[in-house]
Each structure stands twice: as C-alpha cells, then as structure tokens.
Amino acid sequence: MIDFLAELNEPQHQAVTHENGPLMIIAGAGSGKTRVLTYRIAHLMGSGVDAFNILSLTFTNKAAEEMRHRIEKIIGSEAKNLWMGTFHSVFAKILRFEGFRLGYTSNFTIYDTDDSKSLLKTIVKEFNLDDKTYKPNFILNRISGAKNNLISWQMYNENPVFQAEDISAQMPEIGRIYKTYAQRCFSANAMDFDDLLFNTNVLFRDYLDVLNKYQHKFKHVMVDEFQDTNISQYLITRKLSAVHQNICVVGDDAQSIYAFRGANIQNILNFKKDYPDLKVVKLEQNYRSTKNIVNAANSLIAKNKAQLEKKTFSDNEEGDRIEVIKAHSDNEEGKIIANTIFESKHQGLRNQDFAILYRTNAQSRAFEEALRKLNIKYRIIGGLSFYQRKEIKDLLGYLRYTVNQQDEEAFKRIINLPKRGIGDSTVAKIVVMASENQKSVWEIICNIKQYLEGRAMNSIETFTNLIKSYIIMEEEGKDAHTIAMNIAKTTGILHELYIDKTVEGVARHENVQELLNSIKQFVDNPENEDKTLGSFLQTVSLLTNADQEEDGDPDKVTMMTIHGAKGLEFKHVFVVGLEENLFPSQMMLRSREDLEEERRLFYVAITRAEKKLTLSYAEQRYNWGKLNFCEKSRFIDEIDPAYLKFDDRGSSYTPKGFDFESFGRKERPVVTAPPTRSQAIANLKPVSQAKPAPVHVPTVDFVPSDTKNLKPGDKVEHQKFGFGEVKKLDNLGPTAKAVIHFDSEGEKTLLLSFAKLRIVE
DNA sequence: ATATGATGGACGTAG
DNA sequence: TCCATCATAT
C-alpha cells in the first residue's frame, strides 16, 4: 500500500512520512498540498494509527469531505472514523457533548451574524443609546475581536486600554454592551461563531479532565490553512497536542488573507518559537501554473516585507503572457469577459474551466448580465446564500425554537409569522413580563392568561400549542424531515407562499420546498447517524460558502470573491475590477500591514490560474447609483511587465456574438467622449417596420381607467412605469393582482386597487 | 395590527 | 442601487 509514495517529490515525501513530533509544512500555491495531507493521513493509518485518533482541521467542510473520500479510496472505509472538519464544526460537536459543564445544553443554538446583530440592536435600544453612533456591525467586530483574542467581557471591562479606545471612538458603553450581549446569549442557550472557539478554550482551561480526554484521543492533530488561524484557534490546537506533540500545520504565509476576522500571521511566522524541535518542510515546486504565472506572482509578492523565505518555481510550460484589459465601464468589462469566454469555448475549453474573481460580492452583477445574454451558464459562490434568505430563515426559526425554547432571536422571528395578530406592542409586553418575573419568554407565553389579557392572547395560545406539538414530535424521536414538514404545513408557511403567485412568491415557495428536500436528504444519508432536528441545525448553521449544493450540472463558469477561491484552481482565471480604491480596497489601507494583506489577496487570485490569466479594470464604475472614475490598480504595475501583455480594447472593442439590440436596452449611459465609429455602428438600431410606439410621458394629471374588466393581453399605461401588456390576473376582488410586462421595466406584479393604470385603446 | 409609499443612508472579505 | 425605517391610511 505504500506505492503511492512513489509519485511524490523529495520534500513531499518527507512531509508525508514524518510521523512523530511537530511538523510545519510551508506549502506554496499549487504545490500539491492536498495530496500531501491526504497521503500523510493515509500513511499514518497504514502504520497503525487508528482513524479516530486523528484530528484534521480544514478550511471548509467540503474540503474535509473530499479529503475523506480520497483517503477512503486508498485505505478503505476506516476513513469514516477520522475527525475532520472546520474548527467551528469540530468544536461545536465537542461542545454538544461537553458544553453542559459550562451551563449549555446539548442542543444549544448557534447564532449567525444576523442573530448577533439583531441582539445587539435590541441591547442598544434598551440602553437608550443612539443607534447611529452604536452601529451593530462595529460593536460586533469589536466583540468578535476580543473573543478571538480570548478576552472575556470581564477582562474587557477591567482593562482601561479598551475603555480608552472605545471612548476615543465615541462609544464608551461598548464594554457594558459586551457584558449584556454575552449574558443574553448564554441565557438563550446560544453561542455565536466566536463563542464556539472561545468556549472550547474555556472548557479546556477549566476542565482538565476534559482536556486530558481529548489530548489522549487526538494523537495526531493537523491544521490546514494555518496562516489563517486566529489566537483562539491556535491555542486550542496547541493544548490538544501538548501531550503527544504530534502537531502538523500546513500553510503559506504568502496566502494569509483573513486578518480582518482575527487571523494572526504571527502564528505561522513564530511557530518555531513554540516548538523548538520543529521540523520544517518547504514545498516550493508549483505543479499548477505556467512559468509565466508563477514568475509574475513572485514578482508581485516580493514587494511584501513580512514573509518566510521560500522560492516557488514551476517546471511547466512557459505559457501565455498575462493579459491586462482596460475596459471603459463596469458593464463593458462584463461584456468583454463574457465574450472572451464565449470565444474560448471553441478552443476546447468548457464553462467549468473559467473563474471570474472579484474583490467584493457586489461586483458580480455586470458579469451575470453579460453571461446571461450569451447563454453561458454560471454559478455564484457566496453573496446572499440560500440559508440567508428570509423564507428559509423563517422556517429554520421554527426548527430552532422547537429545539431550544430559550432562543429569543428565533422567538422574535416567528411569533407573528405568518401574521397572527401578535404585534410589536404585545411582544414588548411579553418581554417585559419575562424580565419582571425572572422567567423565560417561553414560560410566560405558556401561561399567558395569568400575565396579560387582550385580544392577542388567543393567538398566543394557538402559537404555544403549535410549538408544543412540535416539541412532542421531537421528544418522540421523529426525524428532522417529518417534523420540518409538519411545521411547514401546520404553521401555514407553505400555504402562504403557495397562494402568492407573484414571481417572488413562487421562488420563495420553491426555496422552502428545496429546504425540505435537503432535510430529507440529510435524514436519508446513511452517513448521518443522528437524524434529529438538533443535529440538522448544527450542520446547517456551520456550512461555509464553499459548501453550497450543486444542481448536478458542473459545467458552469464560477464567479466568486477571491476569499472564496482559496484552495481552488481553474484553467483560465479572470481577476476583475483591478482599480485603485476597489482593489486594494480603500478602507483597508490604514497601515502597511493592510496593504500587504491586500497584496497577498491579489497573489492568491493570480495563483488560482493554471494556463491563462486575465486581469481587467474599468475606467468608470457605478457605485450606489453614482458614477465614479477609476484608476488602474497599483498592483498591476507591481507585476514585472515582462510577464504582461496590455490590451487597451477599451470602448472601441466590438465583441462578436452579441445581440446589441437587446443588450443596449437597459444599459447605463456612459459619460464620455463621443462614441467611436465602430461603437456608433454597433449601437445602430434597425429601422422598425411597425408603426412607431406611443411615447410615455409621466404626468401629474394622469387619468387612470377603471380596471374592473382588465383581461390578459390588454395594453396598459402606468403612471410611472410606462407602457406594458397584461400577462396574468388573479384573485378577482379587492386583492386582485395583475402581472404586467412593461416595455422598459420588465415584469411587475401590481395590486389593482392601488395601481394607476390606463387601458390603451 | 397591517399594508403601503416616502425617505435617507450604506460603502467589505466569512464561519 | 438597494434596503431598512418611518409616517400614514385602512
């Protein structure tokens, strides 16, 4: 079984076969890191280490699953017993077992960022502080930063340095907010993302028997993407490996891009100090990219001061030079790149060989539009994920509350959803009652008639009875899917979306169905032993962006932020939006360290490419409806020009394969010099054969028609949206709705009792 | 209690 | 541009 070692180069071989004692693998981009990690685990198991004695921490759950399958192929089904996953998911699992020592039950809730922010908002309101000064985002970052450095609310409030910082930021009350926030989370039996790591540290600090148990369990600890761990994570691994000293960290200081969430590059730079017998292996040969790409990346990263010494090189072919495209506007950048992909498909490349990488999620829009126009399939990783959609969070809110009635964020979300006549004032009264009587909200609403009266009381009883019926199902041991299906039906969530025939309503209904399907899959998956709601929720709340489900068609262009592209590779990569102030991002640039992190981010982007790399920037970009003029990013100039090829197609470029007639319709005006000849030709519209369309002029004295007898096919004029055609009508009567396709605005659903419509002819 | 339209402010990466 | 919040009407 050792024959897989034959394919390895010398340093890879060393890394794989090093069995005992601390090991640091400095793995340059494309150096076969995943293969080394996989083989190393396989090798350890081959030499007699039991799978359940190995802990391997990865950056995404997907990466863990892939690695597990690869090891399974080499070693066999024994690989199922490996402990693998992200820091958050592995230690959430441990806290489910051990958290009772800290006062949590095994089905504690995990608060996501939205829950945390909403809780902070409530606290700011309760303290009567100005919510324009005390922004939840800022406070959360502050608290998160503290937790990642293992600073509890007690320590925070005792330390005058933090107070001073908060006072100079005009927010002296942050310490008090931190305290209340922590206490509220605790009484809600909830942990936020940072608590999962913070509490693991507390657990290992205060319960030596627990620490001891896991120290002996995990004879080997491995950490991937070590450059992106924070202090809290680092200390966990250090404690766990203190007995056996078998810690293996893999990382690349040149790819450290998560300082903003507490990652500490010093972890990797100073690792040697903590482990004097450390063995260091450097993987410097890049098997992924062409010589040109590797050399270009090296010339860029050389500008950074803070780094470990390493020389990455490639023995691959020379490859094309890196193309730099100057586009006129953000939309044109989209067009040019979509068209380049369109044309390259004839050269044997498929959609899945392309990736478009950008600095911020908001930049995806122009590319989506352009790709859609050319019928090129794409997928977007990140952005607003499935689990952040309102309808999904609503149903999940019910699931959460069924599992944990102390979960106040879930309570607030679902108490009046679907609308059951329990308004804000009633909820406020309940919350006051709860704190006055030192009881939980759940205890109050279970006996609501003892505490309050009014017309909402019956609705509240109906609500508690619903929840109680779900709790009973949960206690009877029904699986997650059975309960979720029951909830979706009996609450009326499904029905409400079913009768909503607007475009959005149908999409939401489908989303809820999809959530139910995924719960079904979770329950049916033989690898999941625990099929309870609680188990499902834990899994779901720790999904990473990269864990998004695929719809079965892999042949799609991938679009994502550079952060999301970590660890991935594509034949042809486009790095877009290379404009000063966007990338490097304006607000990042407060110190040299910040600039260096942005530069590493660019380095990561470049090194995703195997064969071809294209960089682009736009001279004009719209931001929140405002036009900005942009300059080329300094990062382009930092690459040795010997590896670059400039292409100033700019606005004179006329891509093939475009339907300009339909493309030009919703296009934004380009504020610039008169169009060039070729552009003017491209923009010419064919002379229409039909009679000229009527012109819509928005007026104040618009006289609407009676729309009682409106029927599909009618042509109408709307005061604001202009001319359109009625597509569909439903719910005749006072709530009658019409789906109308407007010439300039596209499809809209209007409530007929409000819409000001004139029937044309 | 709820539905609608007007207004004003955001500005970023992720578990 | 898009979203959350507020004021107003039902």
Checklist line | Prolate/oblate/rounded label for chain A (Cα gyration tensor, a/c 1.5) | finding: oblate
Item checked: Euclidean distance between Cα centres, the range A:23-38 to the range A:554-601, Å -> 22
Note to self: Below 8 Å between Cα atoms, with a sequence gap of 6+, how large is the relative contact order for chain A in percent?
What the structure shows: 15
Next item on the list: Note down the magnitude of the dipole of the range A:1-67 about its Cα centre, charges +1 on Lys and Arg C-beta and -1 on Asp and Glu C-beta and zero elsewhere, to the nearest 20 debye.
Entry: 200
Next item on the list: With +1 on each Lys and Arg Cβ and -1 on each Asp and Glu Cβ, and nothing else charged, work out how big the dipole of the range A:198-339 is about its Cα centre, in Debye to the nearest 20.
Entry: 640
Margin query: Placing +1 on the Cβ of each Lys and Arg and -1 on the Cβ of each Asp and Glu in the range A:494-575, which of A:Val506, A:Gly564, A:Ala546 has its Cα farthest towards the positive end of the resulting dipole?
Written below: A:Gly564
Note to self: Show me the three semi-axes of the equivalent ellipsoid for the range A:328-445, from the C-alpha gyration tensor (sqrt of 5 times each eigenvalue), largest first, rounded to whole Å.
What the structure shows: 50, 14, 11
Notebook entry, point to check: If R0 is 45 Å, what FRET efficiency do you get for A:His216 and A:Gln438 from their C-beta distance, rounded to 0.05?
Noted result: 0.60
Next item on the list: Could you bin all the Cα-Cα distances of the range A:218-315 into 5 Å bins starting at 0 and give me the percent of pairs in each, rounded to whole numbers?
Entry: 2, 12, 21, 22, 18, 13, 8, 4, 1, 0
Notebook entry, point to check: Straight-line reach from A:Lys62: which lysines have a Cα under 18 Å away, not including same-chain ones fewer than 8 places off?
Noted result: A:Lys33, A:Lys73, A:Lys80, A:Lys93, A:Lys566
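What pairs from A:Lys117/A:Lys468; A:Lys132/A:Lys632; A:Lys135/A:Lys179; A:Lys501/A:Lys711; A:Lys291/A:Lys311 go past 24 Å between their alpha carbons?
Values: A:Lys117/A:Lys468 28 Å; A:Lys132/A:Lys632 35 Å; A:Lys135/A:Lys179 17 Å; A:Lys501/A:Lys711 17 Å; A:Lys291/A:Lys311 13 Å.
Too far apart for the 24 Å limit: A:Lys117/A:Lys468; A:Lys132/A:Lys632.
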Next item on the list: Describe numerically, in nm with one decimal, the distance between label points set 7 Å from Cα along Cα→Cβ at A:Ser168 and at A:Ser591.
Entry: 1.2
Check: For the range A:27-136, what is the accessible area per residue in Å² when the probe is 1.4 Å?
Finding: 41
Checklist line | With every protein chain in place, chain A: carbon and sulfur % of accessible area (1.4 Å) | finding: 51
Item checked: Qualifying lysines (Cα of each under 18 Å from Cα of A:Lys520; at least 8 residues distant if same chain) -> A:Lys393, A:Lys478, A:Lys489, A:Lys531
Item checked: Accessible area per residue, Å², the range A:379-421 with all protein chains present, probe 1.4 Å -> 37
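Per residue, how large is the accessible surface of the range A:450-576? Use a 1.4 angstrom probe and give square angstrom.
49
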Note to self: Please report the antiparallel percentage of the DSSP beta bridges confined to chain A, to the nearest 5.
What the structure shows: 35
Check: Using the scaling law 2.2 N^0.38 Å as the reference, what is the normalised Cα Rg of the range A:490-634?
Finding: 1.46
Next item on the list: At a Cα cut-off below 17 Å, give the aspartates and glutamates reachable from A:Lys219, other chains included and same-chain residues fewer than 8 away excluded.
Entry: A:Glu19, A:Asp50, A:Glu78, A:Asp209
Margin query: Per-residue counts of other Cβ atoms within 10 Å, averaged by peptide: what ranking do you get for A:592-599, A:126-133, highest first?
Written below: A:592-599, A:126-133
Check: Among A:109-122, A:625-638, A:353-366, what's the highest-first ranking by average C-beta atoms within 10 angstrom per residue?
Finding: A:353-366, A:109-122, A:625-638
Check: So how do A:378-385, A:448-455 stack up, highest first, on mean other-Cβ count within 10 Å?
Finding: A:378-385, A:448-455
Next item on the list: For A:Tyr622, enumerate residues with amide H under 5 Å from its amide H, sequence gap 5+ or separate chain, H modeled in the peptide plane.
Entry: A:Asp330, A:Asn628
Item checked: Cα-projected label distance for A:Ala642 with A:Arg101, points at 7 Å along beta-carbon direction, nm -> 5.9
Checklist line | Gain on full stretching of the segment that runs from A:Lys632 to A:Gln548 - 0.36 nm per residue minus C-alpha separation | finding: 26.9 nm
Notebook entry, point to check: Given +1 on the Cβ of Lys and Arg, -1 on the Cβ of Asp and Glu, and no further charges, what dipole in debye does chain A carry about its Cα centre, rounded to the nearest 20?
Noted result: 940
Check: Given A:Ser144, A:Phe204, A:His346, which one lies farthest toward the positive end of the charge dipole of chain A, if we put +1 on the Cβ of every Lys and Arg and -1 on the Cβ of every Asp and Glu?
Finding: A:His346
Notebook entry, point to check: Residue by residue through the range A:498-515, which ³J(HN,Hα) values in whole Hz follow from phi under the Karplus form 6.51 cos²θ - 1.76 cosθ + 1.60 (θ = phi - 60°), with glycine and proline marked x?
Noted result: 5, 7, 7, 9, 5, 4, 5, x, 5, 4, 5, 4, 4, 4, 5, 4, 5, 4
Margin query: Cα atoms only: what Rg and Dmax, in Å, come out for the range A:67-213?
Written below: 18.4, 61
Notebook entry, point to check: Taking the alpha-carbon centroid of each part, what is the distance from the range A:418-441 to the range A:320-362 in angstrom?
Noted result: 53
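The values are calculated or read from the model by the stated rules, or taken from the named source; none is laboratory data. Quantities reported herein were computed from a predicted structural model and do not represent experimental measurements. Virtual Cβ from ideal backbone geometry, glycine too; neighbours counted across all protein chains shown. Just the protein is used for accessible areas: all its heavy atoms, side chains included, with ligands, DNA and RNA removed. Shrake-Rupley method; radii C 1.70, N 1.55, O 1.52, S 1.80 Å.
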